[in-house]
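To keep things clear, I will list the structure first and then write my remarks on it.
What follows is calculated from the coordinates using simple rules that are stated; it is not laboratory data. Here the structure is a predicted model, which means the values were calculated and not measured. Because the Cβ atoms are built from the backbone with ideal geometry, glycine has one as well, and the counts that use them run over all protein chains shown.
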Amino acid sequence: MSAVDRHFILGYGSLMNGESRAKTGETGRVWPVKLHGFERHWSVMSVEYGMSSVAVVLAPEKACNGVLVEVPHDQFPLFDERERGYRRSMIKSEQLTPYQQDALPEGTYWVYHTDEVTQPDHDCPIALSYLDVILSGCLEHGDEFAQDFLTLTKGWSSPLLNDRKTPRYPRVQPELSTERLNILLAPVTTLSIKELSVTYES
């Protein structure tokens, strides 16, 4: 396949989680990267599930981390549906810095972004069921990558809901071990470790 025919989506939220990606469509190899020129925020993207999501907005001097995911072009409608409410735009290879020594693949790069941020509120808080999926996806690429997610995301002072017993996120992963996630979350959330320690019911 020529480079022209290869397409890649830059995932910076739940798409960083391999199991979560598989629930939407077929994907290939991933490359952990930093995306320059965008900043990641917690934002109300839809009120459908009563929770906020992460979104990126153009920000020339900023960056966030994510994974470059190879996606067959015929799978794009599935991912466009998943990312309803976002705009898909092309990004340039020079906006990406790989975490590892691997050279990035040639092809067309895309990112789902928004034009403005709507701060999370008590009706659409940051939901732990969604955040757990993101963080476990980050940990697929190591602790430093997970820490960068926390550092390079704005909006942690927003309302946060421990919905692990009654998850709001439709692609929840109730089998996740939350002990390690709680330790990562403790410095950035408004919840105590005790409040975080409510785990998923089987």
Rounded to a whole number of µm²/s, how large is the Stokes-Einstein D of region 1-103 at 20 °C and 1.002 mPa s, given Rh as the Kirkwood radius over C-alpha pairs? 148 µm²/s
Per the Kirkwood formula over distinct C-alpha pairs, the hydrodynamic radius of region 42-170 in angstrom is 16.1 Å
Mean projected area in nm² (Cα convex hull; one quarter of hull surface) for region 32-72: 3.9 nm²
Which pairs break 29 Å Cα to Cα here: K62/K165; K23/K62; K23/K154? K62/K165; K23/K62
Computed over region 3-196, the relative contact order (Cα-Cα under 8 Å, seq sep at least six) in percent reads 28 percent
Non-local amide H neighbours of D163 (under 5 Å, H modeled in plane, Pro and chain starts lacking H): which ones? L128, S129
Run the simple label-point estimate for Y99 and R180 please: 7 Å along Cα→C-beta, distance reported in nm. 1.2 nm
Around M51: net Lys/Arg minus Asp/Glu count, Cβ-Cβ under 10 Å: -2
Scan the chain and hand back the longest stretch that contains none of the GluC sites (Glu not before Pro) lying in DSSP loops with at most 10 other Cβ atoms within 10 Å. 1-115
